[in-house]
1. Only strands (runs of 3 or more DSSP E) wholly contained in the stretch 80-156 count here; list those with 3 or more residues that are more than 21 Å from Arg67 (Cβ to Cβ).
2. Could you check Leu268 against (1) over 30 Å from Lys209 (Cα atoms); (2) surrounded by fewer than 16 Cβ atoms within 10 Å (Cβ to Cβ); (3) touching a residue at least 12 places away in the same chain (Cβ under 8 Å) and say which number it fails?
3. Which of the residues belonging to the stretch 72-83 are buried (at least 18 other Cβ atoms within 10 Å of the Cβ) and at pLDDT 95 or above?
4. Could you tell me which residue of the stretch 183-201 is most open to solvent (accessible area, probe 1.4 Å), considering only residues that are among the aliphatic types (A, V, I, L, M) and out of contact with any Ser or Thr (no Cβ under 6 Å at 6 or more places or on another chain)?
5. Cβ contacts < 8 Å: first residue under 8 Å from Leu347 (Cα atoms) and part of a helix (DSSP H, G or I), restricted to the stretch 275-289; second residue of a type in the set (Lys, Arg) and open to solvent by 80 Å² or more (accessible area, probe 1.4 Å), any location; separation 6+ or different chain. Result?
6. List pairs: first in the stretch 217-234 and under 20 Å from Pro135 (Cα atoms), second open to solvent by 70 Å² or more (accessible area, probe 1.4 Å) and in a helix (DSSP H, G or I), Cβ under 8 Å, 6+ apart or cross-chain?
7. For residues that are open to solvent by less than 70 Å² (accessible area, probe 1.4 Å) and either within 22 Å of the chain's Cα centre (by Cα) or more than 19 Å from Ala234 (Cβ to Cβ) (or both), tally how many sit in the stretch 204-221.
8. What's the number of the only condition in (1) over 17 Å from Asp122 (Cα atoms); (2) among the polar types (S, T, N, Q); (3) surrounded by fewer than 21 Cβ atoms within 10 Å (Cβ to Cβ); (4) out of contact with any strand residue (DSSP E or B) (no Cβ under 7 Å at 6 or more places or on another chain) that Thr316 fails to meet?
Amino acid sequence: MQIKKQDKKQGLIEVIPESLDDLWHLSHIIQPGDYITTLTTRRIQDNNSGKTRSDRGVKKTFYLSIRVEKINFHKYTGMLRLTGIIESGPEDLIPLGSYHTINVQINHPIQIRKTWNKWSLDRLKQAVEASKRAPEIIVAIEDNITELGIIKQYGIDYIGPIIGDISGKRNIQKNRKEKIDEYYQQITDTILKHNNLNKLIIIGPGFTKNGYYEYLTDHYPELAKKSILESTGAGGHAGIQEVLKNGLIESLSKDAKIAKETTQVNKLLEEIGKSSQQVTYATKNTQNAVNMGAIEQLLVVDNMVRNPEIQQIMNTTENMGGHVMIISSEHDAGKQLEALGSIAAFLRYPI
């Protein structure tokens, strides 16, 4: 994310989203009632031209502003759609007061004018800092099947399965080594689509991960230097979730947002499982705890941050020396916290 322009008096910030992560951040920064301006293209029809319906109209590009009513982010299609009433634009081309949907695009600037709160500004700063860092990839590899987990700000993007054409050990074929190398190359080709890699975490329950690491050492030594091996009890999604919880990624990665969030939610669930009096969850209980100044760390699912009651709890927690962690609703830990009421806290003392 780049900040292209900022006017604090007007509450205006112009940004350029550079990745899917940035669009995800914007989907939580932008709120209903915000004023959004961007360059847009519309087909303008001339109803008096006498041309047939299919021939009428020409595409024109111009600046248009809407007052946002609906925000929809679809990570699988990579689309952020903002819908609202048109409040500004060339009146000879568009009817003011009509509805319009802006598709926010990567590498296209967008202006946001709003009353900025602390959490929105913090999130914007986080997006700018995160865009400067190289990604980490988890390679969950087994005998002939591999899944990749690309660590994103919002969670894990899963790629795969990548399946190798390798015969079983009992039916050893003459070209087995060749088939294994082809399998390893398939995995590597997928990894190499991601530039400027920071770390490659190779995990799995058996010895295939060691064979793949040796392949990288022989054929892609620079990639091997960035690799870490970790044994897990399972492959695939389960293996990736296991390594997220064990603290390895958090210790390796400067951008371990998802690992930190997963670790904290896991600790919360462990405390709840022990019937501990050092944690609480759900809005009413958390409100009581914050009123007593008992909250050491507050966990809040990101889609609740717009709620004024939740914002008040967050502000009071920080004013009393507590720490607030925003948990993404897009990964497993966030969904587990949602099931507890979307808000929870670690306490300084039992209440």
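The values are calculated or read from the model by the stated rules, or taken from the named source; none is laboratory data. Not measured: the values here are computed from a predicted model. Heads up, the Cβs are rebuilt from the backbone with ideal geometry, glycines too, and the neighbour counts pull from every protein chain shown. The protein model used for the area step is the full one, side chains on, heavy atoms only, and it has no ligands, DNA or RNA in it. Shrake-Rupley method; radii C 1.70, N 1.55, O 1.52, S 1.80 Å.
1. Hits in the stretch 80-156: 136-141, 145-151.
2. Looking at each condition in turn, Leu268 falls short on (2).
3. Leu82
4. By that ranking, first place goes to Leu192.
5. Within 8 Å, no pair qualifies.
6. Every condition considered, the pairs that remain are Ala224/Tyr213; Ser227/Tyr213; Leu229/Tyr213.
7. 5
8. The single condition Thr316 does not satisfy is (1).
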